[in-house]
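Student: Below are the structure tokens for one structure; questions will follow.
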Amino acid sequence: MNNYCVITTINKPTKAVEALYEKFGERLIVVGDKKTPQNWDYRKSVFLPTAQQRSYIPDNHYARKNVGYLYAIAEGADLIYDTDDDNIPNKEWGLRFKETKASKSFGEGWFNTYEPMTQTKIWPRGFPLNHVNKGKELFGAKEPVVSSIQQGLSDGEPDVDAIYRMTNNKPNEFKYDRSIYLNKNTWCPFNSQSTWWFPDAYPLMYLPVNCSMRATDIYRGLIAQRCLWELNQGITFHSPSEVFQDRNEHDLIKDFADEVHVYLNVEKIAQILGDLTLGENITHNLLKILILFMKVSKSQKPEEGKGFIYILSHPTTKEIRYVGQTRRSLQQRLNEHCGSVLPVGKWAKKLQSKGLRPDITLLLIVPIKDIDKLEIELIAEYRLSHNLLNISDGGFFQGRKRGFKESEETIKNHKTGVNNKMFRDFSGTKFNKLIVIRHVGFKSKISLWECKCECGNTINILVNKIGRQKSCGCARKTRWDENAKERFSQYVNKNRKRQPDGKFAAAIQ
């Protein structure tokens, strides 16, 4: 079989890497990050440094693993084993198969799958804390099941939350020979420590980037469980453990801070997912859930040193009307737009008069140092196919503070045409009587373009007037001249009737 293993690492090759290479050889994929030695190398394993990854995934975030998943899928993987660089396979480790044997759970709701597999009072990371003491769960005898996602357990320091580690951090063993299959409407968080994924579930491997590192695989697990129900499948947990975790060093207080959102929202998210109506297409289901997930998360603020890039769209037609960036929560930013006097604010107020409100959706979480460039690129890209209300080309995050002036380097790039992807190039485009010649600079942070009119005059106009302004002003003058002649003719005819002797007519000749 064409089996792959995907891990992330910030360390030199570990014992787990050595053991995993013995299992997978050159099909071991290692995803690097900013903290990873960029000369990382271990035999013939595949190393993906940050230089080979898109910058749309935040630095030093577990979601970098998405790059490894895509690599394995592109190589035609028949099976993907998802683990970390501190999980060492033990003697129980062995390849899993989609058709397996497991005991089906009884009832619905939250099921602590760790509890029937050990004598220790323990629960998986992401499990609702108010369900920890609700007693043992029931399950039947083993029978054949089909499961596209299967979770193996780990001894030593299994994947538990910071509260457990700070209160009872004793080594644990999962030694009972049990496999439990969770039926529909039964929830249990699963992680990425030792997880087996089969092709049916590959789209569900996506790790959300708009949450903390300690939350991303937990939320992914809830989303994956909900989508598997539409395939008439459930998640399977296997014991005894198949790996030993020699855990990397962690700051437990920081872990706790990253997990707070999970403690407070995991039940709410599960309830929202459970109430959804989904179809048979697993990819469409995933996209629907992710869009909803981003809306639920719009009250979150970005981490220190990072910002959000978002879009505003029509709540019913879903037409995209604005692309922007913020360091505040999406909800705060939406409220600002709704009170703005700019075109986007007028559009939002028009919707509100009809009882509607714009939809705000998170696109990317980006380091502040990259956010201007990415916003400019995205505005230019969306302008090609959407009628955006943005009055500028984007960027200049700090420039939105009063008194800030654009950097000389950015203005120079625009003026000289360096890196044309940073804004849409209108050169040579004709709008009404105007032909756009070139970009000439900025006025109040808005791009200024030189245009030539059919009458021969050249003028400079703002980018937000391109397509709306008819001419250099000659069209208005022509209309005024025509109207003036008509009014004068009416005046002459009116006064000629009053002076039948023709004196008036003679006077004006």
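Student: With a 1.4 Å probe and all protein chains kept in place, how do H250, H386, H337, H284 rank by accessible area, largest first?
Tutor: Most to least solvent-accessible, the answer reads H284, H250, H386, H337.
Student: Spin-label point model (7 Å from Cα, Cβ direction): what's the Q52 to E26 distance in nm?
Tutor: 1.3 nm
Student: Please give the charge dipole size of the chain, origin at the Cα centre, charges +1 on K and R Cβ atoms and -1 on D and E Cβ atoms. Round to the nearest 20 debye.
Tutor: 4180 debye
Student: Something else about it: Compute the length gained on full extension between K170 and L70: take 0.36 nm times their separation in residues and subtract their Cα-Cα distance, giving the result in nm to one decimal.
Tutor: 32.4 nm
Student: Got a number for the accessible area of E75? Probe 1.4 Å, square angstrom, nearest 10.
Tutor: Looks like 90 Å² after rounding.
Student: In addition: Return the carbon/sulfur percentage of the accessible area of the chain, one whole number, probe 1.4 Å, all protein chains in place.
Tutor: Here carbon and sulfur together make up 50 percent of the probe-accessible area.
Student: Sort F198, F106, F47 by accessible area with a 1.4 Å probe, largest first.
Tutor: F106, F47, F198
Student: So what's segment 133-200 giving for Cα Rg divided by 2.2 N^0.38 Å, two decimals?
Tutor: Dividing the Cα radius of gyration by 2.2 N^0.38 Å gives 1.28.
Student: Further question on the same structure: With 22 Å as the limit, write out which pairs from K121/K254; K254/K373; K15/K35; K349/K470; K65/K306 have Cα-Cα distances beyond it, or answer none.
Tutor: K121/K254; K254/K373; K349/K470, as the Cα separations exceed 22 Å there.
Student: Set the Förster radius R0 to 60 Å, insert the Cβ-Cβ distance between L356 and N90 as r into 1/(1 + (r/R0)^6), and round the FRET efficiency to 0.05.
Tutor: It comes out at approximately 0.60.
Student: Using amide H atoms built 1.01 Å from N in the peptide plane, name the residues 5+ places from I235, or on other chains, whose amide H lies under 5 Å from its own.
Tutor: Result for I235 returns L182.
Student: Moving on. With r as the distance between the Cβ atoms of L287 and I391 and R0 = 30 Å, compute the FRET efficiency 1/(1 + (r/R0)^6) and round to 0.05.
Tutor: For R0 = 30 Å, the calculated efficiency reads 0.50.
Student: Where does each of F139, F244 land when they are ordered by accessible area, with a 1.4 Å probe and the largest first?
Tutor: Final ranking, largest accessible area leading: F244, F139.
Student: A further question on this structure: Could you size up the charge dipole of segment 1-81 around its Cα centre, putting +1 on the beta carbon of Lys and Arg and -1 on that of Asp and Glu, and report it in debye to the nearest 20?
Tutor: Result for segment 1-81 is approximately 200 debye, rounded to the nearest 20.
Student: Can you list residues whose amide H is under 5 Å from K34's amide H, if they're 5+ apart or on another chain and H is modeled 1.01 Å from N?
Tutor: Long-range HN contacts for K34: N60.
Student: Would you check the accessible area of D258, probe 1.4 Å, heavy atoms only, in square angstrom rounded to 10?
Tutor: Rounded to the nearest 10, that gives 30 Å².
Student: Moving to a separate point now. Can you give the accessible area per residue of the chain, in Å², using a 1.4 Å probe?
Tutor: Spelled out: the 1.4 Å probe surface of the chain, per residue, equals 50 Å².
Student: How much accessible surface area, in Å² rounded to 10, belongs to the heavy atoms of M117 with a 1.4 Å probe?
Tutor: 0 Å²
The values are calculated or read from the model by the stated rules, or taken from the named source; none is laboratory data. On a predicted model such as this, the values are computed, not experimentally measured, just so you know. Cβ coordinates were reconstructed from backbone atoms using ideal geometry, including for glycine residues, and neighbour counts include every protein chain displayed. Keep in mind that these areas ignore ligands, DNA and RNA; they rest on the heavy atoms of the full protein, side chains included. Shrake-Rupley method; radii C 1.70, N 1.55, O 1.52, S 1.80 Å.
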